[in-house]
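Participant: Please see the structure below; I have some questions.
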Amino acid sequence: MTGTDATTRPTAANGGAARTPRDFAVLLPPGWVRIKLDGSEPVTVASLVAAKVATVDPAQREGARALLTRTLGSALRDARAAGGLDVLISVAASHGVPIAASCLITYLDKDGDKVPLDGLLMDLAARGGQVTGTEIAGGPAIRHQYEIVPPAASLPDDPVATRVTMVDFFLPLPGRPGLLVLSFSTPVEPLAEALVMLFDAIAESLRWTR
């Protein structure tokens, strides 16, 4: 795995700057990348796509470039619409088939009021799925695993992809009242169990940086 930093963006309130981390670092497996949603996405995507298709057969290179650019562009538009700060996304493939998986990073806030983990845990438990308390970066966190069945049009063109496996992690951001949220997802049902283990490993590797 390789390290990467993801910017938390929200700034500390007065007096809290010394306690609030500027970023965090996570370990990403080969084939995963981090894209910051700060306006630099076009340059990042162009560089990423160029590197990814460099080893593709020249006769198929333009088609691969167009497909990857379209896929990443769509994922980033959805992430921005959801209020994302950063995206961790898989551009890996198995036997030539892309392994669709990603993580949307957001900040959950209640108009400056503290978001209590106990209340959130109860709220998530009422929604269904598996909800557990855990520890990330030396502090308490909540893990919520569940499945959703989105409209067929939003699923990949794959007959085995009928539902999306989700794993969300909620952890307090030091020096801030809200929570940093890591929302992992994959529509690849045959690999869902293995990918969930990977999602857990990425989340558990998180460390605050100052």
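The values are calculated or read from the model by the stated rules, or taken from the named source; none is laboratory data. No experiment lies behind these values; they were computed from the predicted model shown. Ideal geometry is used to build each Cβ from the backbone, glycine not excepted, and the neighbour counts take in all protein chains shown.
Participant: Residue by residue through the stretch 113-140, note down the ones that are surrounded by 15 or more Cβ atoms within 10 Å (Cβ to Cβ), part of a helix (DSSP H, G or I) and either out of contact with any His (no Cβ under 6 Å at 6 or more places or on another chain) or among the polar types (S, T, N, Q) (or both).
Facilitator: Scanning the stretch 113-140 gives LEU117, LEU120, LEU121.
Participant: Within the stretch 39-65, which residues are of a type in the set (Lys, Arg) and touching a residue at least 24 places away in the same chain (Cβ under 8 Å)?
Facilitator: LYS52 - this is the single residue of the stretch 39-65 that is of a type in the set (Lys, Arg) and touching a residue at least 24 places away in the same chain (Cβ under 8 Å).
Participant: Oh, and also: Within the bounds of the stretch 33-45, is there any residue that is modelled with pLDDT under 85, surrounded by fewer than 17 Cβ atoms within 10 Å (Cβ to Cβ) and more than 23 Å from VAL181 (Cα to Cα)?
Facilitator: No, the stretch 33-45 has no match at all.
Participant: VAL188 passes all but one of (1) out of contact with any Gly (no Cβ under 6 Å at 6 or more places or on another chain); (2) modelled with pLDDT of 95 or more; which number fails?
Facilitator: (2)
Participant: Can you name the condition, by its number, that PRO116 falls short on among (1) in contact (Cβ under 8 Å) with a residue 12 or more places away in the chain; (2) closer than 23 Å to HIS144 by Cβ?
Facilitator: Every condition holds for PRO116 apart from (1).
Participant: Something else: How many residues does the stretch 88-112 hold that are more than 16 Å from PHE170 (Cα to Cα), charged (D, E, K, R) and part of a strand (DSSP E or B)?
Facilitator: Qualifying residue count, the stretch 88-112: 0.
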